[in-house]
Amino acid sequence: EMDAILKGQGLTQGSVGDRIEQLAKDPKYLYPNTDEGREQVLEEYRRILKEVNARMPEYFKTMPPGELKVELKVEALGTEGKAGAYYQQAAQDGSRPGTFYANLRDVTETPKWAMKTLAYHEGIPGHHFQIATAQGLKGLPLIRQQTLYSSYAEGWALYAEGLADEMKLFSGDLDRLGMLSSQNWRAARLVVDTGLHAL
């Protein structure tokens, strides 16, 4: 499927991986690597998440409490080697909202066509949706309101990406390519991780 999408973009030479890299470096799919470009990326993430959040009542009876903020991640020790984005759950007492942090150390690492998958995974209906819902459940022990099990949290986030696909939120071929590229990356990680453990 990735091959067909890439061919549809006029990219016919080289492996799928080579062509993905070529497409990821195409300036027309990149924001400027400036402060203005970083703000444009944050605004696009906010737009994507607002759009998907409006559709959630069609699929979920219970909506999580609290807002989801989208912020630029700036760390004193730098951002090299850190994930492109991640979710920080809200404070249990409500003093801090759940936050989608975008690591924009280099804006050119985030092609426009890869943004939806990341937003759905980290935000809505992904980590924020699942974790904020758990935090809002009443009558449960505190341990059941926390996200302590990464296999469950990551499994939910992967489900969220699939749900977004079922909802037809990957509207164009390139958005779909972003989703497929993420799936391919995780499949490769599973092979490497299990190989490391086996050997």
Hits in the stretch 130-149 (condition: in contact with a helix residue (DSSP H, G or I) (Cβ under 9 Å, 6 or more places away or on another chain) and assigned to a helix (DSSP H, G or I)): GLN130, ILE131, ALA134, GLN135, GLY136, ARG144, GLN145
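Here's the yes/no breakdown for (1) in a helix (DSSP H, G or I); (2) open to solvent by 90 Å² or more (accessible area, probe 1.4 Å):
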residue	(1), (2)
ILE5	yes, no
GLY17	yes, no
GLU21	yes, yes
ARG38	yes, no
LEU42	yes, no
ARG47	yes, yes
PRO57	yes, no
GLY66	no, no
When you check LYS112 against the structure, is it of a type outside the set (A, V, I, L, M), modelled with pLDDT of 90 or more and either crowded, with 22+ Cβ neighbours inside 10 Å or more than 29 Å from GLN22 (Cα to Cα) (or both), yes or no? no
From the list LEU104, LEU180, pick out the single residue that is assigned to a loop (DSSP other than H, G, I, E, B) and either under 22 Å from GLU43 (Cα atoms) or not charged (D, E, K, R) (or both). LEU104
Being outside any loop (DSSP other than H, G, I, E, B) and open to solvent by 20 Å² or more (accessible area, probe 1.4 Å) narrows TYR120, TYR159 down to just TYR159
Name the residues in the stretch 26-50 that are over 16 Å from GLY84 (Cα atoms), touching a residue at least 60 places away in the same chain (Cβ under 8 Å) and not hydroxyl-bearing (Ser, Thr, Tyr), would you? ASP26, PRO32, ILE48, LEU49
Can you tell which of ASP93, ASP106 is open to solvent by 20 Å² or more (accessible area, probe 1.4 Å) and free of Cβ contacts under 8 Å to residues at least 60 places away in the same chain? ASP93
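The values are calculated or read from the model by the stated rules, or taken from the named source; none is laboratory data. Fair warning: this is a prediction, and the values are worked out from it, not measured in the lab. Positions of Cβ are generated from backbone atoms using ideal geometry, with glycine treated the same way; all protein chains shown enter the neighbour counts. What goes into the accessible areas is simple: the full protein's heavy atoms, side chains included, and nothing from ligands, DNA or RNA. Shrake-Rupley method; radii C 1.70, N 1.55, O 1.52, S 1.80 Å.
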